[in-house]
């Protein structure tokens, strides 16, 4: 007997998509993405001092990057944080799991279904914004913009996988909320810890801000533990940027797009395996 | 309870009596005074060969220090309606969730059709319809989308969905989102969901909980109808009147332990809950015949119009009837009144708690 059943996975994924796409919060998020892209483009155009109202794709992406690093995790966590704990609490999971379906299929169905909702809202939000820019300013860096959308989806999937893991671990919806908040703030807490270590090793804030400063290797390596940083680094690589937020960064070779993508894939896979272990052991 | 007419071997006077299946009652012919023993026939289904379709073997489930199930044993026979009884918090839902393979037992096992139930055993699940105690669906889906989804999982053609919704009286709600449903409506959708694929076994956890009287009646009729069509049904309840007239056999759980498993009749016999003798005496006029309570074995006697109600041992019944005859009164009819399950339940629980 096969380990997974594609038909069951598809059924669950379809159900999750239909159920969540009608969630008013998700719809609101989609509209926010769209408005944000247009606004970012407008700001980028204004900043560059050009004659165009809107900025090009590269400038827009740089502007939008810091915001999407925050917003995408929020929407992913919103979709996933209680997908198992909440369903267990409401009682729908106890019906579902008495059907001829394995828990692995339920889990994968949820990942694909919620992942589709996430990617759908990213594509609609940022994609429509991209089309508007392409129509008004031009489609320069169009491929890189598509890469931006893809990488943003990967960021979303990392957080989705993490939040599904939280929901498989937590017994109740309330504790899942705490877990979701925790993974959301992880990036900031981690950033602060890293910066603290940086200052403790004798590097001053002025040095850190100096263009061309040679950052220690471990600082670059540390981004493998922060999904948000990996995302930003990947997008910059995709656009061939070395400058963003006023920093000039000469990234070492091991921070290539390929390695970063691989690392992000691990970030999706590991929480998922943990989620399966928690889910399989769980009493519904 | 069986009604049977006996003929006196001497004078051929016909006497109608009622009693439990298999019960022997001494009767006295009101005409010639001849004593005899009337035997009520035992119910034949009791003797039929049966197959245990669900076996619960030494099932134990601990939540920390709480022993929700503590060595539970019982079995459900193929084709019967089985009542799983117990007060709130007795461990009914825990046992049912273990039965459905939703939770992991601390020890012991459940076998359905000879196969061990575990998390992820999927073959058995095709033949089981389940209604949980707490019912939840997907808020943003319509009832049709919800049932379509469950049909897909069970590999059943979706064309049955409208009929299922009609069956439970939800045909007017097909455009609404399930998130807007009341508790009772969700319960009905839950029942519709359980019927997908005509399962051979139904496991219903408090199927009448949260429903008003009209729907309780409909659900009860539904259960009997499904059983007549050949399905084995297990349902739990803490309300005994729901179970009494529906179940073939019952099992009573309290504090995680099975304290009785039997037919309702045998349960009463085991507990020695004394049935009452109901005697029709024309012209009694609400007066208890003097001296009747002094007969050995008689606990209590009261009169309601022409009806005399005597609580007594079965051995005292002929003496009571004889006594009445001697008083010059005529017995036109008599029957024994079975004690209710409610009595059995209260007595069982107080018995268990008296021991522990």
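The values are calculated or read from the model by the stated rules, or taken from the named source; none is laboratory data. Keep in mind the model is a prediction, meaning the values are calculated, not measured. No Cβ is skipped: glycine too gets one built from the backbone with ideal geometry, and neighbour counts run over all protein chains shown.
This table checks each residue for (1) over 30 Å from residue B:316 (Cα atoms); (2) modelled with pLDDT of 75 or more.
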position	(1), (2)
B:23	no, no
B:27	no, yes
B:32	no, yes
B:38	no, yes
B:46	no, no
B:53	yes, yes
B:60	yes, yes
B:69	yes, yes
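Count of the range B:276-323 residues, restricted to those that are touching a strand residue (DSSP E or B) at 6+ places or on another chain (Cβ under 7 Å) and not in a strand (DSSP E or B), is 16.
Scanning the range B:98-118 for residues that are more than 7 Å from every other protein chain (Cβ to nearest Cβ) and either under 19 Å from residue B:204 (Cα atoms) or part of a loop (DSSP other than H, G, I, E, B) (or both) turns up B:98, B:99, B:101, B:105, B:106, B:110, B:111, B:112, B:113, B:114, B:117, B:118. For the range B:62-76, the tally of residues that are in contact (Cβ under 8 Å) with a residue 60 or more places away in the chain and either surrounded by fewer than 17 Cβ atoms within 10 Å (Cβ to Cβ) or within 14 Å of chain A (Cβ to nearest Cβ) (or both) stands at 4. Got a number for residues in the range B:235-263 being farther than 16 Å from residue B:202 by Cβ and part of a loop (DSSP other than H, G, I, E, B)? The qualifying residues number 6. Can you confirm whether the range A:124-133 contains a residue that is over 22 Å from the mean Cα position of the chain (by Cα) and either within 14 Å of chain B (Cβ to nearest Cβ) or farther than 18 Å from residue B:138 by Cβ (or both)? Looking for residues that are over 22 Å from the mean Cα position of the chain (by Cα) and either within 14 Å of chain B (Cβ to nearest Cβ) or farther than 18 Å from residue B:138 by Cβ (or both), one finds at least one in the range A:124-133, hence yes.
Which number in (1) buried (at least 21 other Cβ atoms within 10 Å of the Cβ); (2) modelled with pLDDT under 95 marks the one condition that residue A:135 misses? Unmet for residue A:135, out of (1) buried (at least 21 other Cβ atoms within 10 Å of the Cβ); (2) modelled with pLDDT under 95: (1). Sort out which residues of the range B:119-132 are assigned to a loop (DSSP other than H, G, I, E, B) and more than 8 Å from every other protein chain (Cβ to nearest Cβ), and write them in order of number. Scanning the range B:119-132 gives a single hit, B:121.
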